[in-house]
Structure formats: C-alpha cells, structure tokens
C-alpha cells in the first residue's frame, strides 16, 4: 500500500474517530494527514499568491511612470514599452517563485521557514524594483544617457535594472531559506544505474 | 504555537523591519517617479526647413518654454511638438525660461538636456535665449554654481545673466530672478539696469523674461521679492508681458496694471495649480507658448503637447507705440 493510499485510509478513519472510536495511532495519523494538507495548501495557494504579489511589485514602477506621462498629457501609449517589459519579467519571475516555493514546501522541515524566506525575498524585490530604478535613472543620468546617445534602446536599461532587482531578490530568498534550513537537501537526481531502468533512485 | 528558533526570529525580524523601511522609502520613491521625467527621451525625428520664419520690422513669431532640463521622454515630447509647430508656423526664436538642466551638471548633460531634444530646431538655425533658473546654478551662488551658470550661458551663446535682445518690433529683457542673482549681494544693480533700459526703450513691444514668476497659482506660487521690487518697474514702463517658468504648469493672469503675466513651466514635468483671484487661465500639463506679432497685435497660444491649443489670447500694443 502506497503512502497516498495510507493517507486516504487515515482520512477515512477520521470520520470513524469523530463518532468516538479513537485509537492510540489515530492521533499521529490525523496529524500526518493535516500536515500533508497544510503543505499542499501552502504550495497551492501560497505560491500563487506570492507569485502574483511579485508580478505586481515588478509592474508597479512602470505603471507609475505611465500614469505620470498620461497626467502630463502624453498619449496612453507612452510607457507601454516599459509596462510590457515589466510584465514579461514579472511573469517569468512569478513562475520561478512558484517553482521555488513548490520545491521548498516539499522539503522544508518547517513550513514557516518557507514563508519567512519568501517574505524577505519579497521585501528585497520591492525595494530593488523601485529604488534601483530611481538611483540608476536619477543618480546616474549622465552615465545612462551615453547609452541613449549611442542608440541603445531605453528598454534595455529598464530591463537590465529590473532583472538585477529580481536576481537580488531570488538570491536573498534562497540564501535565507538555506540559512534557516541548513539540513534540507534537494532530492537526489534520478540517474540511470548500471543495468538499471531510467529513473531509478539510488 | 511553536516557538521561533533564533534564526527564524532574526530572519523574520529583519524582514519586518525591512518591510517597514521599504514602505516609507517606496512612498517617497514613487512620488519621485510620478513627479520627475527620468526615462531618457530620444531625439525627435522631425526634419525642418532652416530659416523658414519671417521677421520684419513689425512682424515676429517666437516661442517660449521653461523647465525643460530633464533630457527625458516628456521633455522630448514637448520638443517634438515645438518642432512640429515650427513646420506649420516657423519661428526664429525660443525664449528658454530657465531650469534647462536637472539631475546633474550642464557640462556633463548639455547634450542630453538640450541638444538631443532640440536637435530639429537647432538644425533649423532657431536662436535660443536663456533666462537663468534656480536649478541652473543653485540658489546660493557658490563659485561652483556661478561656474555652472557661466557654462550654461556660454553653451547657449547667452551674453550674461541679465541682458536685452532686439527682435523685429520687440525687445526682450532677460533677468536673473534667483535670490542671490536678483539682489546681487544686497544691491539693486540688476533692477537699476532694467529701469534704465526700459526708460530708454522705443520698441513697440516690451517683454520681460525670467525664471521665477511674479504672479503664479502653481506649486511655488508668486514671488514676493518680485512683486515688491520688480512689479513697480514693469508697471511704470508699461511692459506688455512677463514670461516665467519655475512652476510646472501653464497660467495666464488677467492684466494687472496693464501687464499680463504668463507662466510656461510645463517643459518636461507638471505640478498642480490652484487658481487665484489674478488667474485667468491655468492648467497643469506639458506645454509651450507660441506668439505671433503683427504690428500692434499679438496673438499668444499655449500649445498642449498633443498639439491642441490650451489657451489663445490677444494683446494690443500700448497706445502710442
């Protein structure tokens, strides 16, 4: 009988337990089921929510700039290129976040470590995605103007700054998780053993 | 609830502290992004016929714009609109109403903040005349800021911080309205010069251009030292119109003792307006001004960055001129 079948059997046993028929092993089994459900919920909903928040945080600066241009009387299309670039970066990063959280929730000893590291990562992203832009655009106007004067599209500068912010965010999230869960190791890679079937776990 | 481990406490605490700090920082950062024109703008791709304007003894067409110095997309959009307007109604002069360089030194940014956006007009041999602004040299006139101002003036061929120029039927008096420049170490040299120049002028039209507005309903508002010391001179010598920037909006006042005050500071950024009793028209938008003089008649238009006319007004030359 597989782990999943044992879990389902335990879940069935819960209703029996509610009717008063408890056994010494049922409490442990109930706890195991609930832990499994908690991790599944965390992966399913928490990952999606954080991925969406990441997307919004990355998109926000371009949204603000587009609004400023519209307020000044420029056509709605002004700033569309920045919004599209930010949306693409945000979408890709959202997938990365979802994947990372899925892996972390599977292997973390404590779920709260996943939440803490992702929260820290989000803070770094929020700060980086906006402040880096302000610093690079406002504080190094002479330097990046050289790029524009030489024909580089502004979108390259914008994308570079936002990708840097994303990279810093990812790095901080992974470093914090590794610090909180030093004993957690990723699953061994599936390799073909000598004479074994593909996918055999060593 | 399980107790947090030391590492969890530290990581969580740092995250919360960072979140609070980030919230405060982001509020300021987003205000900055919403206020400034930080995305570099490309040169407008508009080809113009050089020297296409007409300037005779009694006809003149000129433009005016202030606070253009970002080098950004919004500044480029205004400059493009100016170039497209030149195509329809060529003008040979642009009065720059100060603040032609933000976010750095004009020595390093002159190409970005002036040459690049104004390339079509520069190639058409349009003349640019500058009234020094507070961002052009700072408010305290250190040696460094004076050097900065001189660098700007020389790049634009401006003779000095205050001067007069003659174009057709009009005389333009450019002033340095910054706090130290206006009073020049406590003296009223600049005002004395203006008083003498206006007294001896025989020109049909007299315009005064400076950076700080005498009257304004914008964010900075009216400039008290100018209403106290400058306005009597303007009224006494029947100046027709005063052009200013500094507040990033467009405003035209009702005639005040015969003088019409214009604020045209929407060269790259916008700030809010709060119409006052002296305001005839005011709007917060990117714009520039175009003026057509034909004899004793002046038509002024505030042109929106999308090409529409925000405001159109007419002035008549003072009697006897």
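Things to note:
- The convex hull drawn around the Cα atoms of segment B:172-260, when projected onto a plane and averaged over every direction, covers 5.4 nm².
- Test item: B:14-27 mean partner chain Cβ contacts at 10 Å: 5
- Neighbouring Cβ atoms from other chains, within 10 Å of the Cβ of residues in A:126-138, number 5 on average.
- Cα gyration tensor shape of segment B:189-321, rounded if a/c is under 1.5, else prolate or oblate by comparing a/b with b/c: oblate
- Computed from the C-beta positions of residue A:99 and residue A:56, the FRET efficiency with R₀ = 25 Å rounds to 0.85.
- For segment A:66-180, the orientation-averaged shadow of the C-alpha convex hull comes to 8.5 nm² (one quarter of the hull surface).
- Here segment B:223-269 is treated as a Stokes sphere of Kirkwood radius computed over C-alpha pairs; at 4 °C and 1.567 mPa s its diffusion coefficient rounds to 115 µm²/s.
- Shielding by partners for peptide B:32-44, expressed as the average number of C-beta atoms from other protein chains within 10 Å of each residue's C-beta, is 6.
- Near-label residues of segment B:264-297 by backbone N, under 15 Å of a point 7 Å along Cα→Cβ of residue B:227: B:274-280
- Between residue A:70 and residue A:92, the FRET efficiency from the beta-carbon distance, with R0 = 30 Å, is close to 0.65.
- Tensor-based shape of segment A:56-117 (alpha-carbon gyration tensor, a/c under 1.5 rounded, otherwise prolate or oblate): prolate
- Ordering B:45, B:33 by the number of other Cβ atoms within 10 Å of each residue's own Cβ, fewest first, gives B:45, B:33.
- Folded to 0 to 90 degrees: helix B:73-88 orientation relative to chain B principal axis, Cα: 30
- Principal semi-axes in Å for chain B [√(5λ), Cα gyration tensor, largest first]: 39, 23, 19
- Prolate is the label for segment A:136-181. Its Cα gyration tensor axes, ordered a ≥ b ≥ c, give a/c of at least 1.5 and a/b above b/c.
- Proxy reagent accessibility, fewest Cβ within 10 Å first, across B:290, B:28: B:28, B:290
- The helix-based estimate of mean residue ellipticity at 222 nm for chain B, built from -39,500 (n - 2.57) per DSSP H run of four or more residues and divided by its residue count, is -9500 deg cm²/dmol to the nearest 500.
- Relative packing of peptides B:49-60, B:294-305, B:71-82 - highest average C-beta neighbours within 10 Å first: B:71-82, B:294-305, B:49-60
- Contact order for chain B, expressed relative to its length and based on alpha carbon pairs under 8 Å spaced 6+ residues apart, stands at 17 percent.
Read the figures in this text as sums done on the coordinates, not as results from a lab. Note that the coordinates shown come from a computational prediction; the quantities given were computed from them, not determined experimentally. In this analysis, Cβ positions are derived from the backbone assuming ideal geometry, glycine residues included, and neighbour counts consider all displayed protein chains.
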